[in-house]
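Only one structure is covered here, and it is reproduced in the block below.
The values are calculated or read from the model by the stated rules, or taken from the named source; none is laboratory data. From a predicted model like this one, the values you see are computed outputs, not experimental measurements. Neighbour counts run over all protein chains shown; Cβ positions are idealised from the backbone, glycine included. Areas reflect the complete protein model, heavy atoms only, side chains present, ligands, DNA and RNA absent. Shrake-Rupley method; radii C 1.70, N 1.55, O 1.52, S 1.80 Å.
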Amino acid sequence: MWTTVVLVVVCVVAAPCTHARRYDLECETLPSTIHVAKEEFDEAGRVERTCEEDLAVNKCEGACVSKVQPSVNTPSGFLKDCRCCRETHLRAREVTLTHCYDADGNRLTGDRGTLVIKLREPADCQCFKCGDSTR
C-alpha cells in the first residue's frame, strides 16, 4: 500500500524595507506620567516619612514587525521571529518629591518637606528580538 505525502512549500517574500521601517517608527519614546511614592523608615522599621509626586517620564511604546513562517526544523512546524519595543538604554536623573508627610499624615515643610531620588527611564526605544536580554 502506498501513502502519498504532499509537501507544501510556502515562500514568503518580504516587502521592501520601507514596510518594516514604517512599523519600527511606531516603536517610539513617548512622554508619560507616573505617581512615585517613597517611604523612609527609622531604625525600628517604622515609617518615618512618605514622599510622593506625579512625575513626567519617558516610556517605550509601539509596534514592531514580528514574523511566523513554516519550518521543518522546529518541533512546532513554525519559525517565530517575535520583535518587541524596548529601550536601547536607560538614562538616570534626579527628581525631587515635594509632597512629604509624617507617619500621622501631616504635611512636612522645610528640609523634611522634600526628598531627592534617582530614577532611570528610557532614553530611546527600538525594536528588539523578544526575550533577548543582550539585544
For this session: Answer yes or no: is there a residue in segment 104-120 that is buried (at least 17 other Cβ atoms within 10 Å of the Cβ) and over 27 Å from Ala37 (Cβ atoms).
Result: no
Exercise. Which condition number in (1) open to solvent by 60 Å² or more (accessible area, probe 1.4 Å); (2) of a type outside the set (A, V, I, L, M, F, W, C); (3) under 12 Å from the mean Cα position of the chain (by Cα) is the one that Arg91 fails?
Worked result: (3)
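Suppose the filter is closer than 12 Å to Arg49 by Cα and free of Cβ contacts under 8 Å to residues at least 24 places away in the same chain; does Asn73 pass it? Walk me through it before giving the result.
Details: closer than 12 Å to Arg49 by Cα: no; free of Cβ contacts under 8 Å to residues at least 24 places away in the same chain: yes.
Spelling it out, it is not the case that Asn73 is closer than 12 Å to Arg49 by Cα and free of Cβ contacts under 8 Å to residues at least 24 places away in the same chain.
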Problem set entry | segment 36-86 - residue that is of a type in the set (Asp, Glu), in contact with a strand residue (DSSP E or B) (Cβ under 9 Å, 6 or more places away or on another chain) and modelled with pLDDT of 90 or more and, of those, nearest to Ala103 (Cα to Cα) | Glu48
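I'd like the residue in segment 77-135 that is of a type in the set (Lys, Arg) and outside any strand (DSSP E or B) and, out of all such residues, is farthest from Cys27 (Cα to Cα).
Arg112
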Seminar exercise, completed: By residue number, the members of segment 99-135 that are modelled with pLDDT of 95 or more and touching a helix residue (DSSP H, G or I) at 6+ places or on another chain (Cβ under 7 Å) are Cys100
